[in-house]
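Nothing in this text is a laboratory measurement; each read-out follows from the coordinates by a stated rule. Here the structure is a predicted model, which means the values were calculated and not measured. Cβ placement follows ideal geometry from the backbone for every residue including glycine, while neighbour counts extend to all protein chains displayed.
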Amino acid sequence: MKLSFLKQMAKALSVQFGKDCEIVIHDLTRKSLGKSIVHVENGHVTNRKIGDGPSQIVLEALKKDPAKIQDRLGYLTRTADGRTLKSSTVFVRDDAGEKIPYIFSINYDITSLLYLQDAIHALINEEPKEESPGRQTAQPGKIHTNVADILDDLIAQSVALVGKPASLMTKDEKVEAIQFLNNSGAFLITKSGDKVSQYFGISKYTLYSYIKSE
């Protein structure tokens with residue numbers, strides 16, 4: 001599928017659904033993954049622009065076998081200023097179906113609709129029941145405007161996964177954190193190895209050995 005056709009579709013969808021609907025096209029054939037965005041409609045929704053990098057979901061997908069990658073449709077994400085989006089990520093394949101040259105992303109700002117929904121529920125629902133202790137509601141993933149912020153967020157997630165600061169982690173715990181980063185696509189980001197090595201207080205050689213550990 002040609003990039004020109006994807007841009008045509010992006011324009012049509014943005015006009016059809018209005019200013020709250022952002023369309024982003026990533027070109028994965030470019031040399032710099034950190035500048036994968038080549039087209040944006042209604043970029044004010046997430047404040048992204050041409051030349052910005054991929055999302056965490058895109059990085060995670062690129063770590064997988066292309067044959068096993070599936071589109072992600074209708075999931076929730078969150079902007080830096082706290083607005084909630086309903087998002088879909090379509091992995092556009094080449095004619096042979098073997099490679100994914102483009103990603104077509106749709107982000108629809110549903111924040112105002114959620115406020116309206118809450119107001120209606122407050123009027124028509126019965127008295128809310130108390131939630132059981134310890135119950136947590138899944139939070140939408142963040143949308144970042146650059147890969148440096150994604151890496152920082154992934155490092156924070158790896159630390160939260162282990163449950164203690166990097167300075168207090170054992171070797172096995174550091175291996176667990178670093179393998180999480182690897183599986184999340186963190187090392188697809190340019191010079192991420194330097195930052196992760198410094199953060200966990202290990203050498204680059206040790207980092208690579210941790211990545212390869214089973």
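Side notes on the structure shown:
- Segment 146-212: C-alpha gyration tensor shape, a/c 1.5 cut-off, then a/b vs b/c: oblate
- Only beta bridges with both residues in the chain are counted; by DSSP, about 90 percent of them are antiparallel.
- For the chain, a/c is not less than 1.5, where a ≥ b ≥ c are the root eigenvalues of the C-alpha gyration tensor, and a/b does not top b/c. That puts it in the oblate class.
- Residue exposure sequence - Thr46, Thr170 - by fewest surrounding Cβ within 10 Å: Thr170, Thr46
- Simple Cβ-charge dipole of the chain, Lys/Arg +1 and Asp/Glu -1, about Cα centre, in debye nearest 20: 840
- Beyond 30 Å in Cα-Cα separation lie the following of the pairs Lys63/Lys174; Lys86/Lys164; Lys11/Lys99: Lys86/Lys164.
- Cα pair count fraction exceeding 21 Å, expressed as % - segment 3-113: 32
- Relative contact order of segment 146-212, defined on C-alpha pairs under 8 angstrom at six or more residues apart (%): 35
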